[in-house]
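A.B. asks: Encoded as structure tokens, here's the structure I'll be asking about.
The values are calculated or read from the model by the stated rules, or taken from the named source; none is laboratory data. All figures in this text were calculated on a predicted structure; none of them were measured in a lab. Here the Cβ positions follow ideal geometry from the backbone for every residue, glycine too, while neighbour counts run over all protein chains shown.
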Amino acid sequence: MIDMSEDKYKHRYYYKETYEAAIGTFAVAIVFLFVAVLSLFFRAFNIDFIGLAHWGFWLFIPAFFIFIGGFEQLYRNYKYKQIVKNALVQRNFQGTYKLEHIALEIGMKPAVLLRVLLDLRNKGIVKYSFDAETGQIILGQTITYSLATEYIPPPKKIDEPLQTEGKNYCVYCGHKLEATGNFCPNCGSNL
């Protein structure tokens with residue numbers, strides 16, 4: 001086990017690649033591919049629409065490379081999931097841990113680790129919740145998400161913490177809170 005108090009872990013290497021959905025990349029590639037195929041159709045039937053018949057087929061080239069980028073992202077996501085699963089297997093998918101310690105051990109930023117864990121939980125591969133008092137992750141404990149009716153999703157970019165006073169739900173994920181605590185048991189956000 002890694003001693004997290006040592007200074008030698010202060011500047012530890014983290015994976016530089018991102019963990020994100022590849023659907024947007026594939027959507028862009030499909031648009032390029034569609035326009036390229038459409039240009040071939042225009043060329044075959046001598047339709048002159050903004051000169052697409054003369055230049056549109058060149059869009060096959062960027063479409064190809066965008067598809068490659070999408071597949072690279074899928075592979076990277078798969079690799080990240082395997083790294084996280086291996087770290088949890090070493091813990092027998094049980095126990096209470098600081099998320100930062102797991103992230104430090106595997107060389108992944110805590111925010112990225114959270115996204116990977118959420119995907120693994122949504123697929124039923126991992127069960128976990130967060131301790132409402134300490135914010136530590138509790139492996140092996142299931143949580144049933146209960147959406148609060150008054151929840152309004154926050155904007156994608158948040159500059160400062162959201163106001164949580166007087167709310168009986170997590171302002172970040174909308175989970176209805178049953179007990180008092182400093183952290184959301186569903187997403188681990190600091191309340």
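A.B. asks: Somewhere in region 54-76, is a residue among the β-branched types (Val, Ile, Thr) and either surrounded by 16 or more Cβ atoms within 10 Å (Cβ to Cβ) or in contact with a Gly (Cβ under 6 Å, 6 or more places away or on another chain) (or both)? Outline the logic, then answer.
C.D. replies: Residues of region 54-76 among the β-branched types (Val, Ile, Thr): 61, 66, 68.
Right, trim to either surrounded by 16 or more Cβ atoms within 10 Å (Cβ to Cβ) or in contact with a Gly (Cβ under 6 Å, 6 or more places away or on another chain) (or both) and you get 66.
For region 54-76, residues among the β-branched types (Val, Ile, Thr) and either surrounded by 16 or more Cβ atoms within 10 Å (Cβ to Cβ) or in contact with a Gly (Cβ under 6 Å, 6 or more places away or on another chain) (or both): present.
A.B. asks: For residues in region 178-191 being under 19 Å from Lys127 (Cα atoms) and assigned to a loop (DSSP other than H, G, I, E, B), which is nearest to the chain's Cα centre (by Cα)?
C.D. replies: Once the filter is applied, the top-ranked residue is Cys187.
A.B. asks: Moving on. Which one of Leu114, Leu88, Leu191 is under 25 Å from Lys16 (Cβ atoms) and in contact with a strand residue (DSSP E or B) (Cβ under 7 Å, 6 or more places away or on another chain)?
C.D. replies: Details: Leu114 fails: in contact with a strand residue (DSSP E or B) (Cβ under 7 Å, 6 or more places away or on another chain); Leu191 fails: under 25 Å from Lys16 (Cβ atoms).
Among Leu114, Leu88, Leu191, only Leu88 is under 25 Å from Lys16 (Cβ atoms) and in contact with a strand residue (DSSP E or B) (Cβ under 7 Å, 6 or more places away or on another chain).
A.B. asks: Go through region 85-122 and give me each residue that's under 18 Å from Ile143 (Cβ atoms) and under 13 Å from the mean Cα position of the chain (by Cα).
C.D. replies: Result: Leu113, Leu114, Arg115, Val116, Leu117, Leu118, Asp119, Leu120, Arg121, Asn122.
A.B. asks: Residue check, Glu100 against (1) within 23 Å of Gly181 (Cα to Cα); (2) assigned to a loop (DSSP other than H, G, I, E, B), all met but one. Which one?
C.D. replies: (2)
A.B. asks: Specify which of the listed residues (Ile138, Ile158) is surrounded by 10 or more Cβ atoms within 10 Å (Cβ to Cβ), outside any loop (DSSP other than H, G, I, E, B) and of a type in the set (Val, Ile, Thr).
C.D. replies: Only one candidate qualifies: Ile138.
A.B. asks: Can you pull out the residues in region 100-128 that are at negative phi and in contact with a Phe, Trp or Tyr (Cβ under 8 Å, 6 or more places away or on another chain)?
C.D. replies: Matches in region 100-128: Leu104, Met108, Lys109, Val112, Arg115, Val116, Leu117, Arg121, Val126, Lys127.
A.B. asks: Follow-up question, since we're still on this one. Tell me, please, whether a residue that is more than 30 Å from Lys176 (Cβ to Cβ) and assigned to a helix (DSSP H, G or I) can be found in region 106-128.
C.D. replies: Looking through region 106-128, at least one residue is more than 30 Å from Lys176 (Cβ to Cβ) and assigned to a helix (DSSP H, G or I).
A.B. asks: Just to be sure I understand, how many residues within region 123-146 are under 19 Å from Asn92 (Cα atoms) and among the polar types (S, T, N, Q)? Walk me through how you get there before you give the answer.
C.D. replies: Within region 123-146, the subset under 19 Å from Asn92 (Cα atoms) is 123-131, 136-143.
Those left that are additionally among the polar types (S, T, N, Q): 129, 136, 141-142.
Selection size over region 123-146: 4.
A.B. asks: Related question: Just checking, does region 7-30 include any residue being modelled with pLDDT of 85 or more and basic (Lys, Arg)?
C.D. replies: No, region 7-30 contains no residue that is modelled with pLDDT of 85 or more and basic (Lys, Arg).
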